[in-house]
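This report concerns only the one structure given below.
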Amino acid sequence: MVNGTSEDTLEPLIREIGGQLYRDAVQAPPALFGAGGVRGALLQKALADERMRTALFQFIDVLPQLDGAGEIADHYGAYLQGHELAGMWGRLLKLGSRPALAWAVRANVARTARLFLVEERESPVRSTLATLAAGGALATLDAVGEAVLTEAEAEAYVGRYLELVRWQHAAGVAPHLSLKLSALTPRFDPLDAAGAEQRVLARLAPLLAEVARARAALTVDMEHYELKPLVLRIFRALVDAHPGRGWLPGIALQSYLPETGRDLAGLIEWARARGHRIGVRLVKGAYWDTEVAVARQRRWPVPVYETKEETDAAFERLTRVLLENRDTVHAAIASHNLRSLAHAAALAQRLGAKREDWEIQVLYGMAGPLQHALAGMNLPLRVYVPTGDLVVGIAYLIRRLLENTASTSVLRQTYADGEDIGALLAVPAPPPASGATARPTEPAFANTPLTDFSRTADREAFARALAKVRGELGARYPLAIPGAPGPAAPEQRALNPARPDETLGQVELAARSHAERALANAVAAFPGWRDTPVERRVECALRAAGIMLERRAELAAWQVLEQGKNWREADADVAEAIDYLRYYAAEAAALGGWRPTQRFPGELNHTRYEPRGVAVVIAPWNFPLAILTGMTSAALVTGNCAVMKPAAPALIVAHKLHALLIAAGFPPEVCQLVAGRGAEIGNFLVGHPQVHVIAFTGSREVGLAILEQAGRSVTGQSHVKRVVCEMGGKNAIIVDEDADLDEAVAHTLQSAFGYQGQKCSACSRLIAVGRVHDRLVARLGAALDAHPYGPPEDPQYVFGPVITRAAQEKALAYIETGKREGRLSYLGKVPGEGYYVPPAIFTGIEPRHRLAREEIFGPVLAVLRAESFDEALAVALDSEYALTGGVFSRFPEHLEAARERFRVGDLYLNRRITGALVAAQPFGGVRLSGTGVQAGGADYLKQFVWSRVVSENTMRHGFVP
Ligand code: NAD
């Protein structure tokens, strides 16, 4: 360390610079805090009341999309009424809920937005640049936008930057831009890092040529943590492709990530080795809340420091690294924190950094007085200026408002809370490690985390698993029924739906005699398994979960080949299977043993659950591991013997599961696999007199037939059969007029077309309320068009084939029906080889049409119109099915109405309607979708047991113990 620049000796200088900044800056508050009128009153209130803050921001979030005074007034009332606002402002604000004054409220919010967001036209941009220059500051321009879901939106984004370069030129300033790489392609997916890199570089090429010619600077913004490896990778690739001589390539790094130290060291080493000069904008990080919530939801490690002090301390360490490496890096210290800025200025001075070596950056509109103070001290200063339209800039505005009013915000501390200078300039000292932040308590059951494919190591492991599985293609899968007579029935070729000529394996199919034998084995094994302590059964299930976890990549890889699932969907299926094993194990342990019933004097009354006997498990192919595992493990842990009858297109995965359950310790007679044709072997098993439980998941047609058949008693049957029955769906998503369209489009796309629409939970009816229809449909089609179809083994393909030729033909026939019933609004393109169905969107569909009533189980979406939300609800409920449903709305009353009246098994508000998690979202429907007891929920196991009671009279000759 250079003498005299150690952190200790720096403190007096930091206090001197910080003191001066403070004196110069606190004289006038920034515009936001100085506001009078309605805005000032609202803000003051929001600062004081956390609930009001949330309500206010939710209202502002939806505001730009509201059309008409009545709508504004309704939303205003819904969000803000009930918050007591005192005095004159309170009375005035109440008027906001009157249509006549609604526009005034909106104008006020627009004016607030314009404090932070410059209108994206040449003259406002140029006048902003001129004002900044007069105040001694430079600018970097950022085109704020909505989520990029289509190629056209990505192209338009680059076009906006070309304009910004032109306007800066015209204003006589060196162009300086900040952009988000994720906005350059709708497929910015870490899973397909190479493809994303290629698309981003191609899209950026014309802008980079312009930037190099203009000797400009372009900084790549950092985004959510999951995207960081991809952002870093593409940044390096673009600098290597356009070596930064003459122009300055830059990247933003976030000090709230402990990993940033390592990232920065890597970047400096790389830049120095290649002879690049790069810029680094050091920020604290803008997505703290989201990073914490997302990590906790996914059960991934929380990637950010948990306290602000740690982030602040890291910021100072990173500032030092940047300034000490100024031969290679141009540092942009981006903060409004007096201490952080004073520290950087003091260090730059001590290290002898020149004016052109570094700069301070502040956000436009956030800290006007601070900006003047910095310029007044002749510190190099640049202002980050977002430009854009009010509607699309709203997310940006909310972030700024949140930042300004958060209790940890230094601006709030300085201007609203009036904190003193000593506290503001104190050395950031992380609090003692333990117990500093309250962590949410862990739930008793925790879902298996999904694989984080943004990590290279995880992607490589999955690719290795695919290669391993490929090495095992063509194997034979013989019947494994203990004592089964030979020779076996014919074999079935397991094939890859993306390349039907490819044989994955040869699977022996059971004949009736094999099935008969399997049932006899099960009947004989039942008493022993029933009397096995529940702890042993639970142990086997947990061991199976452990083996699955170890082999998860391989089990998922099989699904990529046998069911045409993409990497993420396949990985999620294995995670769900593990969840079922663990969850039902825990539930079974809790159900086991004798329990007292209600007290009754003179008697001992106890109850206990008993397994029913032999359970036949008939599963579909679409969640080949999860559903088969779920139903089978439920039967086994409760003490039943299971005979698995998997679906024909999922036999290899079923074999893998069976082998794994046996390896985990389930006895071979207790857990058997009978691969055979549904109509023959399935039917035979259902009708057999020795079967007690039929656990079925599949189509309505087969499910109803099973219910009927199981209801008929046959010769030799001496019990009532119990049918657990989960069937299909015709699920609807309602998109309300005020919905967030970015979210509605992205989530509907996933819900309707994820795994080619072959999920029971998939959305197949989209109900658009009022004026939202046209834009929703147009964006959905364009968003879908951004994704090519192909073999999902290649991670660039999110969408693949459907399962069989029959499924393909069925979906294609529905597309023809759709053309007759409605209007084809979008039809995708798919490869010729393989069982592909082009994704299709139909508009003009009416509730009576077949497209609105029948389950298609393919990538075909019917769009219906409704004039009002009430009508939309009625249309949604007009179905024989009731499995899942969804609503996108920002009107609390509508969400509440849906909660009360949209009666389906699983209703999702403002999120996708697929991907239910065991325990968190127990899954299953009613009407002709199922019997109403949900899998992965507390009541499920009870279907596999019966309860019996023992009463003992304890009175003996008048003696009552
Ligand atoms: P399917 O009904 O054709 O087959 C399901 C299972 O039943 C297979 O194992 C099949 O071999 C067997 N089977 C077929 N005919 C039989 C018969 N006569 N007797 C006994 N068994 C018979 O369904 P699928 O194509 O495998 O799966 C898709 C269907 O499953 C869709 O309708 C979907 O909505 C539904 N599904 C529902 C849920 C849910 O939880 N509600 C989950 C997944 C799938």
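The values are calculated or read from the model by the stated rules, or taken from the named source; none is laboratory data. Computed from a predicted structure; not experimentally measured. Here Cβ is always computed from backbone atoms with ideal geometry, including for glycine, and neighbour counts include all displayed protein chains.
Residue-by-condition table, conditions (1) within 14 Å of the ligand (Cβ to nearest atom); (2) of a type in the set (D, E, K, R); (3) in contact with a His (Cβ under 6 Å, 6 or more places away or on another chain); (4) assigned to a helix (DSSP H, G or I):
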{"site": "F753", "(1), (2), (3), (4)": "no, no, no, yes"}
{"site": "K759", "(1), (2), (3), (4)": "yes, yes, no, no"}
{"site": "L776", "(1), (2), (3), (4)": "no, no, no, yes"}
{"site": "P792", "(1), (2), (3), (4)": "no, no, no, no"}
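Select from segment 483-530 the residues that are under 23 Å from L636 (Cβ atoms) and among the basic types (K, R) and write down the one among them that is surrounded by the most Cβ atoms within 10 Å (Cβ to Cβ).
R517
Return the pair list, or none, for Cβ contacts closer than 9 Å from residues in segment 351-363 that are farther than 11 Å from Y384 by Cβ and surrounded by 16 or more Cβ atoms within 10 Å (Cβ to Cβ) to residues that are of a type in the set (V, I, T) and modelled with pLDDT under 95, at least 6 apart or on different chains.
That search, which allows pairs on different chains as well, returns L351/V2; L351/T5.
For the condition surrounded by fewer than 21 Cβ atoms within 10 Å (Cβ to Cβ), among the polar types (S, T, N, Q) and more than 11 Å from the ligand (Cβ to nearest atom), what is the one hit in Q934, Q921?
Residue meeting the stated conditions: Q921.
Those residues that are charged (D, E, K, R) and at pLDDT below 95, I need them from segment 664-707; list them, please.
R677, E680
For the condition crowded, with 24+ Cβ neighbours inside 10 Å, in contact (Cβ under 8 Å) with a residue 24 or more places away in the chain, farther than 30 Å from E562 by Cβ and β-branched (V, I, T), what is the one hit in V802, V745?
V745
Return the pair list, or none, for Cβ contacts closer than 7 Å from residues in segment 916-937 that are over 21 Å from R298 (Cα atoms) to residues that are of a type in the set (V, I, T) and more than 9 Å from the ligand (Cβ to nearest atom), at least 6 apart or on different chains.
G924/V933; G925/V904; G932/V926
Residue under question is I618, and the condition is that it be away from the ligand (no atom under 14 Å from the Cβ) and on the phi < 0 side of the Ramachandran plot; does it hold?
No: the conditions fail for I618.
Condition test on V875, is it more than 16 Å from the ligand (Cβ to nearest atom) and either of a type in the set (S, T, N, Q) or more than 29 Å from A635 (Cα to Cα) (or both)?
yes
Would you be able to say whether some residue in segment 721-728 is β-branched (V, I, T), closer than 30 Å to R911 by Cα, within 16 Å of the ligand (Cβ to nearest atom) and out of contact with any His (no Cβ under 9 Å at 6 or more places or on another chain)?
yes
Could you grab the pairs with beta carbons closer than 7 Å, sequence gap of 6+ or different chains, first residue in segment 125-141 and at positive phi, second one part of a loop (DSSP other than H, G, I, E, B) and among the hydrophobic types (A, V, I, L, M, F, W, C)?
none
Among all residue pairs at least 6 apart or on different chains, which show Cβ distances below 6 Å where the first residue, located in segment 453-469, is touching a residue at least 60 places away in the same chain (Cβ under 8 Å) and the second is outside any helix (DSSP H, G or I) and not polar (S, T, N, Q)?
R459/F453
Provide a single number: the residues in segment 667-680 that are within 10 Å of the ligand (Cβ to nearest atom) and buried (at least 24 other Cβ atoms within 10 Å of the Cβ).
Number satisfying all stated conditions: 2.
State all residues of segment 896-906 that are crowded, with 16+ Cβ neighbours inside 10 Å and away from the ligand (no atom under 15 Å from the Cβ); if no residue qualifies, say none.
A897, A898, F902 - these are the residues of segment 896-906 that are crowded, with 16+ Cβ neighbours inside 10 Å and away from the ligand (no atom under 15 Å from the Cβ).
Taking the conditions exactly as written (of a type outside the set (S, T, Y), closer than 23 Å to Q65 by Cα, in contact with a Gly (Cβ under 9 Å, 6 or more places away or on another chain) and away from the ligand (no atom under 14 Å from the Cβ)), does D736 satisfy them or not?
When the stated conditions are applied, D736 passes them.
Here are the criteria: (1) more than 16 Å from the ligand (Cβ to nearest atom); (2) within 23 Å of P497 (Cα to Cα). Tell me which single one E610 does not satisfy.
Of the numbered conditions (1) more than 16 Å from the ligand (Cβ to nearest atom); (2) within 23 Å of P497 (Cα to Cα), the odd one out for E610 is (2).
Hey, does segment 766-782 have a residue that's in contact (Cβ under 8 Å) with a residue 24 or more places away in the chain, more than 27 Å from V863 (Cα to Cα) and either surrounded by 24 or more Cβ atoms within 10 Å (Cβ to Cβ) or hydroxyl-bearing (S, T, Y) (or both)?
no
Does E502 satisfy the condition of being in a helix (DSSP H, G or I) and among the acidic types (D, E)?
Judged against the criteria, E502 is not a match.
Please count how many residues of segment 696-716 are of a type in the set (G, A, S) and either closer than 15 Å to G728 by Cα or near the ligand (Cβ under 7 Å from one of its atoms) (or both).
Residues that pass the stated criteria total 4.
Give segment 200-213 a look and list any residue that's within 13 Å of E155 (Cβ to Cβ) and buried (at least 21 other Cβ atoms within 10 Å of the Cβ), or say none.
V200, L204, L207
Against the condition closer than 30 Å to D67 by Cβ and crowded, with 24+ Cβ neighbours inside 10 Å, how does A752 come out, does it pass?
yes
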